[in-house]
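Taking it in order: structure first as structure tokens, then the write-up.
The values are calculated or read from the model by the stated rules, or taken from the named source; none is laboratory data. Not measured: the values here are computed from a predicted model. Backbone-built Cβ (ideal geometry, glycine too); neighbour counts: all protein chains shown.
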């Protein structure tokens, strides 16, 4: 994931896509942990939120999450102070972890999808980053079923 | 065997440019004439007359007169969205089957008026959508297949790769209004409605689950034209469907060079057993050759967003050539053929007015949510 993150950041910095305005990101995470138990989807979602926050030119303003982090999927909508938006979803899969994303700028788009099927062995396995953001806010939104307004 | 006479409402710079050709291609149909309300905007009447002339068809100045004709069985309705509820109801009450351009109406009141008239008259109706496209049928098959398990989420993106982006001010937040007062402008349309209706209708058709809550955002990310009209060029909705299914849709217009074809058309189904992704462009050839790369066409003063076939033809628009679809290219034939099949067989369309009206309600709720910042309960 770090390689993808860095590559996209480099493209953003060249100005080719203009100012990022929208991120659609679907992360599929492998179903089981090393211990055989199902891991919560909360941390992967927070990691993807961290990606979005890093690429968007303003701070999160409003966070709304749906789903069940202990079940099949969670989906997050993050509205940013500058009007930008991120739609982020994480779900479990039997196969390896991978991501499908579209980062839209006001002058262009970056599309990226982790190679799948017979192409999946042609790249290093996709490894989720460590750093997550908005974890508590996402939890709060999932618990209350409402959008959470960020302070400040 | 031409069984069904088709009356065409709406002219140049409407989707009638395409729909008239699609009806004409169906051997069961015959184009009869163009018409419009006698007090319709003069420009619209002129555009109707010009397309009628191009197709060598008469233009009947009074809609009542056209609807009184026994040789008219179907009305293809491409008037401005603002008039569709009233005009469509009139056509239905005259006993004509109604083919509806998308979206079928501006708001739930207009949609309900049309639905009620169609029900009272007992005629058939269908709104244009993507559900008869080859890829939509594949998604539907997958959804009906046990492979997916229980559906838990569905995400659908439809974005049009048209227009010249980069002219809207960066970081200027859009202030949405709770209702759409005006839809039809020369230079732009509200894109969460205009393009988002494809995604919403697709999601609705695939799941057949009532939408319970809507949370939305609209934006002016790309085009000064939309900003000048105070309408959005992009919108997204997050919904909760009956059964706890999460759904998100994205609809908008993001620029000629933002995609190798016409834009993203994608559905992701998340089930308890599997996750499946469907991209309408996935079955393709990719061609690289010693030929000029695609160039965005110069903006047509009457169609800077590239909405209409006629205006794009006038500026010598050249289609993108790098990705070439493989296989079925008969989506239009299937869409219009399906409607005629419904009339012939006396059955309801999968996207009849009553069903399509749900999309109008969902999108209108999306505007209310975008304006208030609140979750809207349907």
(request) Residue by residue through region A:81-103, note down the ones that are farther than 15 Å from residue B:248 by Cβ and either touching a strand residue (DSSP E or B) at 6+ places or on another chain (Cβ under 6 Å) or in contact (Cβ under 8 Å) with a residue 60 or more places away in the chain (or both). (result) A:81, A:83, A:84, A:92, A:93, A:94, A:95, A:96, A:97, A:98, A:99, A:103
(request) Within region B:235-259, count every residue that is more than 9 Å from chain A (Cβ to nearest Cβ), within 22 Å of residue A:29 (Cβ to Cβ) and touching a helix residue (DSSP H, G or I) at 6+ places or on another chain (Cβ under 6 Å). (result) 0
(request) Within region B:260-283, track down each residue that is at pLDDT below 95, more than 11 Å from chain A (Cβ to nearest Cβ) and outside any loop (DSSP other than H, G, I, E, B). (result) none
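Going by the conditions given, is residue A:112 touching a helix residue (DSSP H, G or I) at 6+ places or on another chain (Cβ under 8 Å), within 14 Å of chain B (Cβ to nearest Cβ), closer than 26 Å to residue B:267 by Cβ and surrounded by fewer than 15 Cβ atoms within 10 Å (Cβ to Cβ)? Reasoning before the result, please.
Details: touching a helix residue (DSSP H, G or I) at 6+ places or on another chain (Cβ under 8 Å): yes; within 14 Å of chain B (Cβ to nearest Cβ): yes; closer than 26 Å to residue B:267 by Cβ: yes; surrounded by fewer than 15 Cβ atoms within 10 Å (Cβ to Cβ): yes.
So residue A:112 fits the description; yes.
Are any residues in region B:217-240 over 16 Å from residue B:358 (Cβ atoms) and in a strand (DSSP E or B), and if so, which ones?
Looking only at region B:217-240, we keep the residues that are over 16 Å from residue B:358 (Cβ atoms), and these are B:217-236, B:238.
Those that are over 16 Å from residue B:358 (Cβ atoms) and in a strand (DSSP E or B): B:217, B:218, B:219, B:234, B:235, B:236, B:238.
Confirm whether residue B:95 is surrounded by fewer than 24 Cβ atoms within 10 Å (Cβ to Cβ), over 22 Å from residue B:46 (Cα atoms) and without any contact (Cβ under 8 Å) to a residue 12 or more places away in the chain.
Numbers: surrounded by fewer than 24 Cβ atoms within 10 Å (Cβ to Cβ): yes; over 22 Å from residue B:46 (Cα atoms): yes; without any contact (Cβ under 8 Å) to a residue 12 or more places away in the chain: no.
Criteria not met by residue B:95.
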(request) Please verify whether region B:310-332 includes one or more residues that are under 23 Å from the mean Cα position of the chain (by Cα), crowded, with 17+ Cβ neighbours inside 10 Å and at the interface with another protein chain (Cβ under 10 Å from one of its Cβ atoms). (result) no
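One line per residue, one yes/no per condition, for (1) modelled with pLDDT of 95 or more; (2) not in a loop (DSSP other than H, G, I, E, B):
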{"site": "B:296", "(1), (2)": "no, no"}
{"site": "B:332", "(1), (2)": "no, yes"}
{"site": "B:335", "(1), (2)": "yes, yes"}
{"site": "B:339", "(1), (2)": "yes, yes"}
{"site": "B:349", "(1), (2)": "yes, no"}
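Give me the residue from region B:185-202 that is more than 14 Å from the chain's Cα centre (by Cα) and over 22 Å from residue A:21 (Cα atoms) and, out of that set, nearest to the other protein chains (Cβ to nearest Cβ).
From region B:185-202, those more than 14 Å from the chain's Cα centre (by Cα) are B:185-188; that's our starting set.
Pick out the ones that are also over 22 Å from residue A:21 (Cα atoms) and you get B:185-187.
Values: B:185: 21, B:186: 23, B:187: 18 Å.
Within region B:185-202, the match that is nearest to the other protein chains (Cβ to nearest Cβ) is B:187.
Give the number of residues within region A:1-23 that are in a loop (DSSP other than H, G, I, E, B) and either within 14 Å of another protein chain (Cβ to nearest Cβ) or modelled with pLDDT of 95 or more (or both). Working first, answer last.
Initial filter on region A:1-23 (in a loop (DSSP other than H, G, I, E, B)): A:1, A:15-19.
Right, trim to either within 14 Å of another protein chain (Cβ to nearest Cβ) or modelled with pLDDT of 95 or more (or both) and you get A:15-19.
Adding up the residues that qualify gives 5.
Evaluate region B:221-230: report whether one residue or more is touching a strand residue (DSSP E or B) at 6+ places or on another chain (Cβ under 6 Å) and either more than 8 Å from chain A (Cβ to nearest Cβ) or crowded, with 24+ Cβ neighbours inside 10 Å (or both).
Pass one, region B:221-230, residues touching a strand residue (DSSP E or B) at 6+ places or on another chain (Cβ under 6 Å): B:221.
Now narrow it down to the ones that are either more than 8 Å from chain A (Cβ to nearest Cβ) or crowded, with 24+ Cβ neighbours inside 10 Å (or both): B:221.
Yes, that holds for at least one residue.
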(request) With the checklist (1) within 17 Å of residue B:219 (Cα to Cα); (2) within 11 Å of chain B (Cβ to nearest Cβ) in hand, flag the one item residue A:26 doesn't pass. (result) (1)
(message) Conditions first: (1) modelled with pLDDT under 95; (2) within 11 Å of chain A (Cβ to nearest Cβ); (3) within 26 Å of residue B:360 (Cβ to Cβ). Residue B:135 passes all but one, so which condition is the exception?
(response) (2)
(request) Name the residue, out of A:144, A:131, that is farther than 19 Å from residue A:21 by Cα and within 14 Å of chain B (Cβ to nearest Cβ). (result) A:144
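Got a sec? Which of B:165, B:178 is over 25 Å from residue B:279 (Cβ atoms) and in a loop (DSSP other than H, G, I, E, B)? It would help to see each step written out before you state the result.
On the way: B:165 fails: over 25 Å from residue B:279 (Cβ atoms).
After applying the criteria, what remains is B:178.
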(request) Just one of (1) free of Cβ contacts under 8 Å to residues at least 24 places away in the same chain; (2) within 26 Å of residue B:171 (Cα to Cα) trips up residue B:237, so point out which. (result) (1)
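Looking at B:190, B:210 in this structure, which one is touching a strand residue (DSSP E or B) at 6+ places or on another chain (Cβ under 9 Å), under 30 Å from residue B:134 (Cβ atoms) and surrounded by fewer than 21 Cβ atoms within 10 Å (Cβ to Cβ)?
Values: B:190 fails: surrounded by fewer than 21 Cβ atoms within 10 Å (Cβ to Cβ).
Exactly one residue qualifies, and that residue is B:210.
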(message) Name the residue that is modelled with the highest pLDDT, counting only residues in region A:29-53 that are farther than 16 Å from residue A:65 by Cα, out of contact with any helix residue (DSSP H, G or I) (no Cβ under 7 Å at 6 or more places or on another chain) and within 14 Å of chain B (Cβ to nearest Cβ).
(response) A:30
(request) Could you look through region B:27-43, keep only residues that are touching a helix residue (DSSP H, G or I) at 6+ places or on another chain (Cβ under 9 Å) and not in a loop (DSSP other than H, G, I, E, B), and pick out the one that is nearest to residue B:87 (Cα to Cα)? (result) B:35
(message) Among (1) at pLDDT 95 or above; (2) more than 10 Å from chain B (Cβ to nearest Cβ); (3) surrounded by 19 or more Cβ atoms within 10 Å (Cβ to Cβ), there is one condition residue A:99 misses while meeting the rest; what is its number?
(response) (1)
(request) Collect the residues in region B:141-179 that are in contact with a helix residue (DSSP H, G or I) (Cβ under 6 Å, 6 or more places away or on another chain), farther than 26 Å from residue A:103 by Cα and either at the interface with chain A (Cβ under 9 Å from one of its Cβ atoms) or crowded, with 17+ Cβ neighbours inside 10 Å (or both), keeping them in residue-number order. (result) B:143
